[in-house]
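Report on one structure; see the data block that follows.
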There are 2 protein chains.
Amino acid sequence: MRPMSLPVGLPALADSDLVGQIARILMQAIVQGRLPPGSKVVEAGVARELGVSRAPVREAARLLEKQGLLVASPRRGFFVRKLEIRNIDEIYDLRLCIERHASVLAAKRLSSESRDLLRRQIDVLHRTADLDDPARQVEEDYRFHRLIFEIADNRRLLRLFDDLAAELRMVIGLIGRLYDDPHEIARTHEPLLAAIEAGYPERITAHVDYHIGHAWREVGRLVRELSPPLGNPTEPSSILFPTVGVSV
Amino acid sequence: MRPMSLPVGLPALADSDLVGQIARILMQAIVQGRLPPGSKVVEAGVARELGVSRAPVREAARLLEKQGLLVASPRRGFFVRKLEIRNIDEIYDLRLCIERHASVLAAKRLSSESRDLLRRQIDVLHRTADLDDPARQVEEDYRFHRLIFEIADNRRLLRLFDDLAAELRMVIGLIGRLYDDPHEIARTHEPLLAAIEAGYPERITAHVDYHIGHAWREVGRLVRELSPPLGNPTEPSSILFPTVGVSV
DNA sequence: TAATCGTCGATTGTCGACACTTTAATCTTG
DNA sequence: CAAGATTAAAGTGTCGACAATCGACGATTA
């Protein structure tokens, strides 16, 4: 029980923060594809499913709107953002921009502990590759890159990365598996870490460009292929259970 | 009267978007210093002053929280974010990162029209310098940099810049006048534009680093000087009228 | 038959109310 | 008189309700 810091610092994490919880639930539903792009998020429906009133649902939706996962259309409601290719490009463009920066910063602030964390996470990536669990692979990949931002030690930068990552996970989750060879994922991180350890900004940005750029092209290609099916106007559906499947 | 585009695109601007209006009013109150850092934003108070209920006020506050202007403390309310030096550094660090990127992008996408826009905005900066209106000077300065982001043509990047700019304007607004010589502001933009016109990424980033870095150091210095007075816990006050002054 | 208009259900935007928590003001008590 | 306990006031978190609006469907008309 910390002595309750001054009222202003960083968004204090509430133990029973209803709005935050709802926002997380909605986010998960979106990134896991249960609320596909273009689908409508009906306030009353979500509220009923979660057993709460509409007020906190609206606030949560507003947060996700500002984050970019939802789009608000006045008097019509909230919709899951479509995956138009332009959005993908804009997200990856920004991602590339901040990840270059974060990587260079991380190199500056790199300690032996933080270096070990990165190393170990690459090991995890390798081990995960054997599991044949694409979702898990994406998750561990995300963790590695998030580590870089943590080491960079700029909270705002980290928050921004989390926001972008949420949208990218939605994209990747919908695409399914991203790489044919999951070990490829693990391997491609090694030269990046090596560059960060070496500490030359040019080498680092070059490797980030290659690494992220690769994902960008790959995702862009897949989104272009799947373009019609992705982002079609869809029926409202349950956020607690899969739209298609056994349950309900 | 456009044919009402598809439900998902960019946040459609509503003509009577109460939440958006409230968010703007609150933002103005904050950046203009009527709600000083650390002060509490009482929902009922704001609602009463604006003649609305608390619901839209809460939603607006949540948006401003995600944007970084407010900090939510559960069961205690919203507070205007303090200007701790760490926040300043983090904001400027991110600003520098994305402005480098935007400037290089803008150079790539530069047309004769967009170049003229930048040129003309520098002229405006010069003319504004004669007016001895620091707030206006800051505003026109902001417009120039925003132009760069518009030319860069990445909507997400632009939104991010706007968010950061809001906080920076709060800082600068509280400091008062930033430069001793307002013409200095106008002049320092010229080599930046020249670099963008020339189009070499290295030159561009170097000039951005110099330009933004200068502001960063300046603001940092001033914030450090004013550190105790800035961000003190303050009494709640009206958002419609100045806390100190003639009216009320 | 195709297009337009009007009606009706569904959903949003906003409000006032109430319970619970925090903050302050007041009252003890050593 | 100071420090802690007690009480009152203020404020937040959440809810249910109501009017305004939107979209779909069907009736009407050319």
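The values are calculated or read from the model by the stated rules, or taken from the named source; none is laboratory data. All figures in this text were calculated on a predicted structure; none of them were measured in a lab. Here the Cβ positions follow ideal geometry from the backbone for every residue, glycine too, while neighbour counts run over all protein chains shown. The protein model used for the area step is the full one, side chains on, heavy atoms only, and it has no ligands, DNA or RNA in it. Shrake-Rupley method; radii C 1.70, N 1.55, O 1.52, S 1.80 Å.
Filter segment A:53-64 down to residues that are buried (at least 20 other Cβ atoms within 10 Å of the Cβ) and either at the interface with chain B (Cβ under 7 Å from one of its Cβ atoms) or within 15 Å of the chain's Cα centre (by Cα) (or both) and give me whichever is farthest from DNA strand D (Cβ to nearest atom).
Filtering segment A:53-64 for residues that are buried (at least 20 other Cβ atoms within 10 Å of the Cβ) and either at the interface with chain B (Cβ under 7 Å from one of its Cβ atoms) or within 15 Å of the chain's Cα centre (by Cα) (or both), the one farthest from DNA strand D (Cβ to nearest atom) comes out as A:64.
Just wondering, is there one or more residues in segment A:99-118 that are closer than 30 Å to residue A:34 by Cα, within 21 Å of the chain's Cα centre (by Cα) and among the basic types (Lys, Arg)?
No, every residue in segment A:99-118 fails to be closer than 30 Å to residue A:34 by Cα, within 21 Å of the chain's Cα centre (by Cα) and among the basic types (Lys, Arg).
Go through segment A:65-81 and give me each residue that's within 16 Å of DNA strand D (Cβ to nearest atom) and at the interface with chain B (Cβ under 7 Å from one of its Cβ atoms).
Those that are within 16 Å of DNA strand D (Cβ to nearest atom) and at the interface with chain B (Cβ under 7 Å from one of its Cβ atoms): A:71, A:72, A:73, A:74, A:76, A:79.
Could you please let me know if residue B:113 is away from DNA strand D (no atom under 16 Å from the Cβ), acidic (Asp, Glu) and facing chain A (nearest Cβ under 7 Å)?
no
Please count how many residues of segment A:39-65 are in contact with a Pro (Cβ under 9 Å, 6 or more places away or on another chain) and closer than 26 Å to residue B:163 by Cβ.
So the count comes out to 2.
Residue check, residue A:37 against (1) within 9 Å of DNA strand D (Cβ to nearest atom); (2) of a type outside the set (A, V, I, L, M, F, W, C); (3) closer than 18 Å to residue A:174 by Cα, all met but one. Which one?
Only one criterion in (1) within 9 Å of DNA strand D (Cβ to nearest atom); (2) of a type outside the set (A, V, I, L, M, F, W, C); (3) closer than 18 Å to residue A:174 by Cα is unmet by residue A:37, namely (1).
Yes or no, residue by residue, for (1) touching a residue at least 12 places away in the same chain (Cβ under 8 Å); (2) of a type in the set (D, E, K, R):
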| position | (1), (2) |
| --- | --- |
| B:86 | no, yes |
| B:104 | yes, no |
| B:122 | yes, no |
| B:127 | no, yes |
| B:138 | yes, no |
| B:143 | yes, yes |
| B:147 | yes, no |
| B:160 | yes, no |
| B:175 | yes, no |
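Does residue B:15 meet the test of being open to solvent by 20 Å² or more (accessible area, probe 1.4 Å), at pLDDT below 95, more than 9 Å from DNA strand D (Cβ to nearest atom) and of a type in the set (D, E, K, R)?
yes
Listed here are the residues, each with its yes/no results for (1) free of Cβ contacts under 8 Å to residues at least 60 places away in the same chain; (2) not assigned by TED's automatic domain parsing to the domain that holds residue B:149.
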site	(1), (2)
B:41	no, yes
B:46	no, yes
B:57	yes, yes
B:70	yes, yes
B:75	yes, yes
B:91	no, no
B:94	no, no
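From the set of residues in segment B:149-160 that are in a helix (DSSP H, G or I), within 11 Å of chain A (Cβ to nearest Cβ) and of a type outside the set (Gly, Ala, Ser), which is most open to solvent (accessible area, probe 1.4 Å)?
Here the answer is B:159.
How about segment B:11-48: which of its residues are within 12 Å of DNA strand C (Cβ to nearest atom) and either β-branched (Val, Ile, Thr) or in a helix (DSSP H, G or I) (or both)?
If the condition is that a residue be within 12 Å of DNA strand C (Cβ to nearest atom) and either β-branched (Val, Ile, Thr) or in a helix (DSSP H, G or I) (or both), then B:18, B:19, B:20, B:21, B:22, B:23, B:42, B:43, B:44, B:46, B:47, B:48 are the ones that fit.
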